[in-house]
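Here's the structure we're looking at; comments come further down.
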Amino acid sequence: MVAQMISLRLVSLILSIAFITSSVNVSAQSMSVIGGGSFARNCYTAATVAIQLNNASKQDLEECNQAIFLAKLSRKDLLATHVNRGIVYAAMEEYQQALKDYKSAIELGPGSGEVYVNLGNLYLLSEKYEVAIRQYTIALELTLPKDHIAYFNRGMAYENNNELNNAKVDYRRAIELSPQWALPQLRLERLLRKFGEEKT
């Protein structure tokens, strides 16, 4: 069984490819693998580092390619490795390649919430907010180790889509699920200040 792990990027936490486009910090999920040898494990490590540093190299990509094309991966580990390679591609700003990997992961197993979080991130960065909201909503309906990430990202998509009440609800839910995480608190406070509301 594939162990699902979370990492955060550009803002310190396990689980987040934090891309910055104006004021948007989105969080992604890497997925660990239990088989496939060193290539698959190295690809997972590369994705986790890419999430934390918002950076990846051609060597990182090669580890993922070797895992996908040469290692004898189980279906679940192949799915996880496509997600991880997608994260590496996204860190390299090769978003179309990342999209292909996430779609391959969905074909392998549509029940993994992490795939939809990462897919939602690409649509959020592309300013396709309604599509991003749908992806995060699907993620929340599936198995997802840390729901607070999807709530936070969906909150940003709602905010950018001018669905401000929905954004507030999602930020508050992210805070409730992960009180130590500063980002949703900061986004909520900024949103409330913008509209002159009291924090409740």
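The values are calculated or read from the model by the stated rules, or taken from the named source; none is laboratory data. These figures come from a predicted structure and were not determined experimentally. Don't worry about glycine lacking a Cβ; one is built from the backbone with ideal geometry, like all the others, and counts go over all protein chains shown.
Here are the numbers:
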read-out	value
Subset tally (residues that are surrounded by fewer than 22 Cβ atoms within 10 Å (Cβ to Cβ) and touching a helix residue (DSSP H, G or I) at 6+ places or on another chain (Cβ under 7 Å)) for segment 101-112	4
For SER32: the one exception among (1) surrounded by 20 or more Cβ atoms within 10 Å (Cβ to Cβ); (2) modelled with pLDDT under 90; (3) closer than 23 Å to HIS148 by Cα	(1)
Yes/no for GLU114 being within 15 Å of the chain's Cα centre (by Cα), on the phi > 0 side of the Ramachandran plot, among the acidic types (Asp, Glu) and modelled with pLDDT under 95	no
Cross-chain or 6+ apart pairs with Cβ under 6 Å, segment 121-144 first and closer than 23 Å to GLU93 by Cβ, then modelled with pLDDT of 95 or more and among the β-branched types (Val, Ile, Thr)	TYR123/VAL131
Filter result (surrounded by 19 or more Cβ atoms within 10 Å (Cβ to Cβ) and over 22 Å from GLU130 (Cα atoms)) within segment 147-182	ILE175, SER178, TRP181
Where GLU93 falls short, out of the listed (1) over 23 Å from GLY113 (Cα atoms); (2) of a type outside the set (A, V, I, L, M); (3) not in a helix (DSSP H, G or I)	(1)
